[in-house]
Amino acid sequence: MLRLNDLHASVAADDAEPKPILNGLSLEVPTGEVHAIMGPNGSGKSTLAYVLAGRAGYSVTSGQAEFDGDDFLALDPEARAAKGLFLSFQYPVEIPGVPVMTFVRTAMNAQRAARGEPEITAPDFLKKARETAAVLRIDADMLKRPLNVGFSGGEKKRLEIFQMLMLEPRLMILDETDSGLDIDALKVVAEGVNTLRAPSRAMLVITHYQRLLDYIRPDRVHVLAGGRIIASGGPELAHRLEAEGYDAIREAAS
Amino acid sequence: MTAARPAEIFAARYAALPSDPRRARAWEAFSARGLPSRRHEGWRWTDVAAALDRQARLAPPEAHEVQSLADPFEALGGGVFRFTGDRFTPPRSRPAGVLWRERADAPALNGAEATPLAALAVALSSGPASVEIEVAASPVEPLRLVFDDQGGVMHRHVLVMVREGVELDVLETHLGRVTSNVVVEYIVEDGARLSRSIIQSANDRAVQAAHANIWLARAAALNQACVATGALLSRIETRLVHRSGGSHARMNAVYLVRSGRHCDLTSHVRHDAEGCTTEQLVKGAARAGGKGVFQGKFHVTRSAQKTDAKMTHHALLLDDGAEVNAKPELEIYADDVACAHGNTCGSLDPAALFYCRQRGLPEAVAVAMLTDSFLREALSGAPPSAEPALAAELAAWLGTGE
Ligand SMILES: Nc1ncnc2c1ncn2[C@@H]1O[C@H](COP(=O)(O)OP(=O)(O)O)[C@@H](O)[C@H]1O
Ligand SMILES: [Mg+2]
């Protein structure tokens with residue numbers, strides 16, 4: 001279970017005063033469930049993702065965030081990853097000179113080492129990579145290229161999900177994974193994501209549009225505005241948002 | 001007990017050598033200004049006098065410190081010319097096409113006044129005063145020049161003549177244990193191709209200089225690659241002249257400095273003839289307490305029309321307290337040329353670092369991976385014989401740099 005309790009967080013913009021972005025955010029995502037977070041641009045969705053993943057510059061000023069009893073806020077980003085957190089980035093980073101396969105294998109073995117597990121063997125890794133690439137219709141050549149360098153927006157998103165399937169995390173945060181994907185790609189990626197739905201895993205799907213949620217069906221939908229959850233409901237809430245807009249929800253909430 | 005000043009030690013050594021007019025001229029060129037210090041143009045960030053003073057105040061090196069350096073090119077075999085402070089050892093068997101001659105008298109040094117340490121090396125090189133290597137046919141294996149002060153003081157001069165059309169692969173190892181000061185001159189004749197790979201490796205108390213003068217004749221080519229990890233003070237200087245037209249040079253380098261290390265890469269490229277190209281890419285990384293220096297100058301004379309020259313230097317400051325000083329310069333007197341330079345100094349992209357850590361890479365592993373990714377470009381295009389050893393130097397530094 002992911003449990004966020006009255007989370008307040010600020011972002012330190014270059015030398016400026018820290019700017020409060022999350023203002024008392026509370027949320028629970030039990031394992032086995034998929035929750036969606038929707039909210040207008042600038043409402044703090046990515047900030048929430050970064051805060052949970054431990055990005056420098058995003059500081060929690062009060063509140064708690066724990067996953068399966070671990071206080072996440074006390075851990076380094078890599079320790080959170082080893083505990084099973086995966087963030088699919090809204091804007092994945094390019095790393096010249098490091099082939100995708102090398103990167104993923106290094107990441108996988110680093111996580112295993114942190115958990116006291118043995119390294120994955122080269123043949124096992126290759127087999128898993130081939131199977132995963134097939135699920136996501138990723139060309140084997142792409143995995144030999146430097147990570148994200150020269151990839152289209154859609155290819156980058158697909159590669160995020162490739163890494164996610166390879167690493168088999170227990171807590172997944174997908175930050176606008178749908179942006180940059182056409183409808184066919186979206187279906188393929190959603191299919192991949194759905195293979196990870198399991199009683200032992202929790203997922204937080206951040207999105208702008210209801211469209212993604214037709215393919216990754218959430219158990220709960222939360223609306224984020226002004227750094228807080230202003231409304232929560234079942235999948236029908238996403239449809240209502242699509243039809244009525246954020247302002248209507250905001251007014252209803254206040 | 002007061003240790004003798006380095007300058008006095010050099011003067012005493014000079015006085016003990018047989019007199020020789022060219023040696024005297026080199027000594028005069030050196031002593032006109034003395035040991036380079038921050039007051040001298042071109043040495044502002046590389047104060048040799050101060051470093052030698054500092055070295056003299058340090059306790060003498062422990063035996064293990066003197067011995068701990070190994071030649072990274074050792075496994076490659078080839079014809080080895082080995083130089084120490086007082087001995088020259090030629091290859092055991094003569095590579096086909098290669099001749100050498102030991103000279104008892106000092107060579108004339110071009111531009112001695114502008115290169116005081118090179119002048120000092122010529123003035124103090126003995127046993128022999130100089131070694132001239134002539135390469136008349138392309139050797140099958142690389143030639144290796146290994147300079148090792150072996151815990152003493154070394155001054156050396158070597159001249160390599162690469163005859164017309166010859167392809168020569170040279171691997172230079174500069175091992176700094178205490179003090180080494182080396183000049184290598186390359187005369188590259190028409191259509192000849194020189195690959196020059198350099199590894200500079202030293203301990204914390206070494207003061208080390210490796211100077212090269214290179215002349216490229218018509219349609220000659222140079223491919224130079226270097227990995228340097230610095231010393232108490234190290235200076236690697238290359239002075240290149242395109243002198244007859246149609247010659248090409250690539251001069252790439254990586255410098256890596258951790259705490260207590262200083263590494264200076266200085267180059268001066270003179271385009272003196274039409275239609276020559278120079279492509280230079282230098283990348284460096286510095287940790288806290290490390291100091292890197294890049295000084296690059298392209299001088300394009302009026303007769304060097306159609307010059308195409310590009311100088312690029314990018315440095316990565318890995319910690320607070322890391323220091324890199326850079327001075328790229330273009331001096332152009334011809335009008336029909338394409339010359340450019342780029343120079344940046346920055347830190348690792350925090351977004352990339354976070355991305356790697358989010359995937360589970362410990363911070364140190366992520367830093368090493370991103371630093372490698374940043375530096376690696378400067379080794380692409382390195383002579384194939386040397387590339388693995390150059391890459392291994394880089395990997396070793398990334399693995400051990402605190
Ligand atoms: N690094 C940053 N520096 C300054 N302001 C930031 C930074 N990151 C986010 N913000 C601000 O925080 C607010 C929320 O941003 P974000 O979390 O990216 O929103 P969303 O993902 O919902 O579009 C915005 O007003 C944005 O300008
Ligand atoms: Mg966002």
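Working only within the stretch A:51-74, note down all residues that are under 22 Å from residue A:18 (Cβ atoms) and buried (at least 17 other Cβ atoms within 10 Å of the Cβ).
A:51, A:52, A:53, A:54, A:55, A:58, A:60, A:63, A:65, A:72, A:73
Note down all Cβ pairs under 6 Å where the first residue falls in the stretch B:148-166 and is closer than 19 Å to residue B:80 by Cα, the second is basic (Lys, Arg) and at pLDDT below 95, and they're at least six residues apart or on different chains.
Pairs found: B:149/B:177.
Can you name the residue in the stretch A:44-64 that is assigned to a strand (DSSP E or B) and more than 10 Å from chain B (Cβ to nearest Cβ) and, of all such residues, is farthest from ligand 1 (Cβ to nearest atom)?
A:64
Yes/no matrix, rows are residues, columns are (1) in contact (Cβ under 8 Å) with a residue 60 or more places away in the chain; (2) in contact with a Leu (Cβ under 6 Å, 6 or more places away or on another chain); (3) within 30 Å of residue B:395 (Cα to Cα):
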site: A:74; (1), (2), (3): no, no, no
site: A:84; (1), (2), (3): yes, yes, yes
site: A:94; (1), (2), (3): no, no, yes
site: A:125; (1), (2), (3): no, no, yes
site: A:134; (1), (2), (3): no, no, no
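Residues of the stretch A:79-103 being more than 20 Å from residue A:46 (Cα to Cα), at the interface with chain B (Cβ under 8 Å from one of its Cβ atoms) and buried (at least 18 other Cβ atoms within 10 Å of the Cβ), which ones?
A:82, A:95, A:98, A:103
Being of a type outside the set (Lys, Arg) and within 14 Å of the chain's Cα centre (by Cα), is that true of even one residue in the stretch A:6-21? Talk me through it step by step, then tell me what you get.
Start the filter on the stretch A:6-21 by keeping residues that are of a type outside the set (Lys, Arg), which leaves A:6-18, A:20-21.
With within 14 Å of the chain's Cα centre (by Cα) added as a condition, the list becomes none.
Looking through the stretch A:6-21, none of the residues is of a type outside the set (Lys, Arg) and within 14 Å of the chain's Cα centre (by Cα).
Of all residues in the stretch A:159-186, how many are charged (D, E, K, R) and modelled with pLDDT of 95 or more? Spell out how you get there, then give the answer.
Filtering the stretch A:159-186 down to residues charged (D, E, K, R) leaves A:160, A:168, A:170, A:175-176, A:178, A:182, A:184.
Filter once more, so that each one left must be modelled with pLDDT of 95 or more: A:160, A:168, A:170, A:175-176.
Counting residues in the stretch A:159-186 that are charged (D, E, K, R) and modelled with pLDDT of 95 or more gives 5.
Enumerate the helices (runs of 4 or more DSSP H) found wholly within the stretch B:341-402, keeping only those where 3 or more residues are of a type outside the set (Gly, Ala, Ser) and more than 11 Å from chain A (Cβ to nearest Cβ). Break it down stepwise before answering.
Numbers: elements: B:350-358, B:363-375, B:387-400.
Because the criterion is at least 3 residues that are of a type outside the set (Gly, Ala, Ser) and more than 11 Å from chain A (Cβ to nearest Cβ), the helices (runs of 4 or more DSSP H) in the stretch B:341-402 that meet it are B:387-400.
Only residues in the stretch A:204-215 that are modelled with pLDDT under 95 count as the first member; pair them with residues that are of a type in the set (Asp, Glu) and within 15 Å of ligand 1 (Cβ to nearest atom), Cβ under 7 angstrom, at least 6 apart or cross-chain, and list the lot.
Qualifying pairs under 7 Å: A:207/A:176; A:207/A:178; A:208/A:176; A:209/A:178; A:211/A:178; A:212/A:178.
Looking at (1) away from chain B (no Cβ under 14 Å); (2) away from ligand 1 (no atom under 15 Å from the Cβ); (3) at pLDDT 95 or above, which is the only condition residue A:240 fails?
Among (1) away from chain B (no Cβ under 14 Å); (2) away from ligand 1 (no atom under 15 Å from the Cβ); (3) at pLDDT 95 or above, residue A:240 violates only (3).
Hey, residue A:40 hits all of (1) farther than 23 Å from residue A:231 by Cβ; (2) in contact with a Phe, Trp or Tyr (Cβ under 9 Å, 6 or more places away or on another chain); (3) more than 9 Å from chain B (Cβ to nearest Cβ); (4) within 16 Å of ligand 2 (Cβ to nearest atom) but one; which does it fall short on?
Looking at each condition in turn, residue A:40 falls short on (1).
Which ones in the stretch A:163-190 are over 12 Å from the mean Cα position of the chain (by Cα) and within 16 Å of ligand 1 (Cβ to nearest atom)? Write out each step before concluding.
Taking the stretch A:163-190 first, the residues over 12 Å from the mean Cα position of the chain (by Cα) are A:165-168, A:179-190.
Of everything in the stretch A:163-190, those that are over 12 Å from the mean Cα position of the chain (by Cα) and within 16 Å of ligand 1 (Cβ to nearest atom) turn out to be A:179, A:180.
Out of B:392, B:338, which single residue is surrounded by fewer than 21 Cβ atoms within 10 Å (Cβ to Cβ) and without any contact (Cβ under 8 Å) to a residue 60 or more places away in the chain?
Testing whether each residue is surrounded by fewer than 21 Cβ atoms within 10 Å (Cβ to Cβ) and without any contact (Cβ under 8 Å) to a residue 60 or more places away in the chain leaves just B:338.
The values are calculated or read from the model by the stated rules, or taken from the named source; none is laboratory data. Fair warning: this is a prediction, and the values are worked out from it, not measured in the lab. Neighbour counts are summed over all protein chains in view; Cβ atoms, including those assigned to glycine, are modelled from backbone coordinates with ideal geometry.
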